[in-house]
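The next block holds one structure in the form of structure tokens; read it before the comments.
The numbers here are math on the coordinates, done by the rules we state, and not lab data. Keep in mind it's a predicted model, so treat the numbers as computed, not measured. Cβ sites come from the backbone with ideal geometry, for glycine too, and all protein chains shown count toward neighbours.
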Amino acid sequence: MWGGRAGALLRVWGLWPAGVLGRRPLSCNAASLAGSNPSGCWNCGSPGGPVRGDGFFCPQCRALQPPDLTRDYFSLMDCNRSFRVDTAKLQQRYQQLQRLVHPDFFSQRSQTEKDFSEKHSTLVNDAYKTLLAPLSRGLYLLKLRGVEIPEGTDYEMDRQFLMEIMEMNEKLAEAQSEAAMKEIESVVRAKQKELTDNVSRAFERDDFEKAKEILTKMRYFSNVEEKIKLKKIPV
Ligand SMILES: [Zn+2]
């Protein structure tokens, strides 16, 4: 995932316009940063229990600790477990965490810490990407509630919706001009916006069946969006 050291940091920081860093105070509280380390520090054996500070490092020897895999993405990214997330805050948290755990900062450290930093970094990336996009965030939220949407559930979709998707795919296949593509793209975008608002309301009502239905529709439109992207790439 991180190809080349120089590029990696650029990619981490390049996502934000200059000056964004540190302008807004982080609203996360200290408790959310503190993890627990039941088995103690792998390096110095310092006893477990609630750790002081950021929870990623041993308070005694400052060695990087392994990621806590029981922690869900919302907790890791210091967000409420809700469909509505503050994306600006999410970005800040991502940046804050990568500053702590990114492999570039561990080049002079032990192999164990290098390995842990790779794991932390991958986990933080996955959490950030998952929570940033409405579709993956919604699917993840459902998964935490024990609701999964298996692939190939077409039979559960209403015929009218499937016809709509089929027509859209046909139009896309036939589209020859930039303008035709743009038109389809704007229709899909409007649909996704509408569905995102609807799924947000469904989650607010704790109506997970409705959320599942809407997210399934969003997945169809997301597939159309992928096809548009592929078609845009010049051969
Ligand atoms: Zn230690």
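Evaluate E = 1/(1 + (r/R0)^6) for residue 174 and residue 197, where r is the Cβ-Cβ distance and R0 equals 30 Å; express this FRET efficiency to the nearest 0.05. Efficiency, from the Cβ-Cβ distance: 0.50. Legend: ranking of residues 70, 112, 216 from fewest to most surrounding C-beta atoms inside 10 Å; resulting order 70, 112, 216.
Near residue 57, the amide H atoms lying under 5 Å from its own belong to 65; only residues 5 or more places off or on other chains count, and H is placed 1.01 Å from N.
For segment 60-69, backbone phi angles converted through the Karplus equation (6.51, -1.76, 1.60; θ = phi - 60°) give residue-by-residue couplings of 7, 10, 6, 6, 5, 9, x, x, 8, 6 Hz, Gly and Pro being listed as x. Among 178, 164, the order by Cβ neighbours within 10 angstrom, fewest to most, reads 178, 164.
Extension gain, residue 82 to residue 157, is 24.4 nm, computed as 0.36 nm per intervening residue step minus the present C-alpha separation. Too long at a 21 Å Cα-Cα cut-off: which of 191/227; 171/227; 171/191; 119/227; 89/210; 119/217? Going by Cα-Cα distance, 119/227; 89/210; 119/217 fall outside the 21 Å limit. The length gained by stretching the chain between residue 91 and residue 115 to full extension, at 0.36 nm per residue less their Cα-Cα distance, is 6.2 nm.
Label-to-label distance, residue 207 versus residue 43, with points set 7 angstrom from Cα along the beta-carbon direction: 5.2 nm. Given R₀ = 30 Å, what would the calculated FRET efficiency be for residue 75 paired with residue 227, taking r from the Cβ atoms and rounding to 0.05? With a Förster radius of 30 Å, E is 0.30.
With N as its number of residues, segment 154-232 has a Cα radius of gyration that, divided by 2.2 N^0.38 Å, comes to 1.18. With Cβ to Cβ distances under 11 Å as the rule, what net charge do the other residues near residue 137 carry (K, R +1; D, E -1)? Taking every Cβ under 11 Å from that of residue 137, the sum is +4. Considering only 218, 166, 176, whose Cα is most displaced toward the positive end of the charge dipole of segment 154-232, charges sitting on Cβ of Lys, Arg (+1) and Asp, Glu (-1)? The Cα lying farthest towards the positive end belongs to 176.
Listing 72, 197, 78 from fewest to most neighbouring C-beta atoms within 10 Å gives 197, 72, 78.
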